[in-house]
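Novice: First the structure, then my questions, so here it is.
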Amino acid sequence: ADESNDNDKIFEDLVRRNGLLLKCYWGKPEKYDHITLEKIRRLELVWQNEEINFFEALKKEAEKGEIDLPNYVKDLLIKYVKNKGV
């Protein structure tokens, strides 16, 4: 038996029965429910031109607080949303 063909059948069956791939970030990054079966959300930010000054300022503040930049930005966004009462 062809092992890759068996794996393809198993994978196709999984997708067909559960629709997991279509709900996964890796299968459909524009509309997903989970990443590797965990409830996770991702956000990619791109800074360009004049925005780079803001990026550098955020980076400097994160370094002062000894926190990595993604967590620093996430904390700022969470505080903002909480203050807005959303």
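Novice: Collect the residues in the stretch 27-76 that are at pLDDT below 95 and among the aromatic types (F, W, Y), keeping them in residue-number order.
Specialist: Y32 - this is the single residue of the stretch 27-76 that is at pLDDT below 95 and among the aromatic types (F, W, Y).
Here is a yes/no grid of residues against (1) touching a residue at least 12 places away in the same chain (Cβ under 8 Å); (2) open to solvent by 90 Å² or more (accessible area, probe 1.4 Å); (3) part of a loop (DSSP other than H, G, I, E, B); (4) among the charged types (D, E, K, R):
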position: K28; (1), (2), (3), (4): no, no, yes, yes
position: Y32; (1), (2), (3), (4): no, no, yes, no
position: R42; (1), (2), (3), (4): yes, yes, yes, yes
position: A62; (1), (2), (3), (4): no, no, no, no
position: I78; (1), (2), (3), (4): no, no, no, no
position: K82; (1), (2), (3), (4): no, yes, no, yes
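Novice: Further, regarding this structure: Does any residue in the stretch 1-16 that is modelled with pLDDT of 65 or more come within less than 6 Å, Cβ to Cβ, of a residue that is surrounded by 10 or more Cβ atoms within 10 Å (Cβ to Cβ) six or more places away or on a different chain, and which pairs are these?
Specialist: From residues that are modelled with pLDDT of 65 or more, the pairs are V15/L21.
The values are calculated or read from the model by the stated rules, or taken from the named source; none is laboratory data. Keep in mind it's a predicted model, so treat the numbers as computed, not measured. When we count neighbours, we look across all protein chains shown, and the Cβ atoms used for this are built from the backbone with ideal geometry, even at glycine. Remember, those area values only see protein heavy atoms, side chains included, never the ligands or the DNA or RNA. Shrake-Rupley method; radii C 1.70, N 1.55, O 1.52, S 1.80 Å.
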